[in-house]
Amino acid sequence: MFFRRSPKKAPKDDGELLRLYRDTGEIGYLGELYERHVHLIFGVCLKYLKEEEASKDLCMLIFEKLVEAARSQEIRNFKSWLHVLTKNECLMLLRSRRYKLERAAVEIKEEQDVDSALSLHHTEEDALESKLQELEGAIEELPPEQKMCIRLFYLEQKCYKEIAEQTGLDLKAVKSHLQNGKRNLKIHMQNLDEES
């Protein structure tokens with residue numbers, strides 16, 4: 001007597017799960033797909049962020065991004081696409097406002113003198129936070145055109161031409177506002193250092 005075994009349900013491939021999610025909108029399909037590749041997501045996050053907790057947090061945010069992106073984007077190879085998405089999210093996080101402010105603070109301090117820039121870069125986090133707040137306050141006190149150009153150039157990493165297009169200023173005015181803004185920030189930061 002032969003017993004028929006019920007055939008095992010064959011695991012669906014990435015493309016099929018993605019298609020089912022797009023067709024039905026059922027998050028379970030996307031969840032299965034995400035679980036299949038969560039180790040890849042976490043590994044990429046850890047590689048870029050170097051912090052386990054931050055990597056875990058970003059993994060969760062990436063799942064939230066997947067909910068929309070998987071429905072709206074053309075995805076041929078899910079694993080490769082997911083790797084690129086994860087890498088881009090890590091890079092965007094690293095380019096966050098705080099990171100940009102730290103870089104701007106170091107650049108401005110380097111023009112003052114190399115020693116103070118290095119000491120700023122290597123001080124404890126509280127001292128750095130204090131300097132960043134001072135720098136943010138100094139930026140806020142700049143005239144509007146200088147403030148706008150400084151923010152676009154240092155915080156949003158726009159080039160002169162992009163700033164000119166975005167603000168309607170000509171290139172010479174952009175250069176002038178950046179130069180004057182940097183000089184004013186340098187003077188302001190020197191005055192703060194002398195006061196303390």
Going out from 0 in 5 Å bins, what whole percent of all Cα-Cα distances in region 14-94 drops into each bin?
3, 16, 30, 24, 15, 9, 3, 0
In nm, what is the difference between 0.36 nm times the number of residues separating Tyr160 and His39 and their Cα-Cα distance?
39.4 nm
Local electrostatic count at Arg36 - Lys and Arg +1, Asp and Glu -1, tallied over other residues with Cβ under 11 Å:
-2
With a point put 7 Å past each Cα toward its Cβ, work out how far Leu192 is from Ser130 in nm, to one decimal.
1.1 nm
Take Met92 and Gln179, extend 7 Å from each Cα along the Cα→Cβ direction, and tell me the distance between the two endpoints in nm.
3.7 nm
Among the listed pairs Lys50/Lys100; Lys100/Lys147; Lys50/Lys161; Lys100/Lys186; Lys100/Lys161, which have their C-alpha atoms separated by more than 25 angstrom in this model?
Lys50/Lys161
Can you sort Thr167, Thr86, Thr24 by how many other beta carbons sit within 10 Å, fewest first?
Thr24, Thr167, Thr86
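So how do Arg19, Arg36 line up by other beta-carbon neighbours within 10 Å, fewest first? Can you show the working numbers first?
Numbers: Arg19 14, Arg36 17.
Ordered from fewest to most neighbouring Cβ atoms within 10 Å, Arg19, Arg36 come out as Arg19, Arg36.
A short reminder: the numbers here are calculations on the coordinates, not readings from a lab. Worth saying up front: this structure is predicted, and the values here are computed from it rather than measured. Neighbour counts are summed over all protein chains in view; Cβ atoms, including those assigned to glycine, are modelled from backbone coordinates with ideal geometry.
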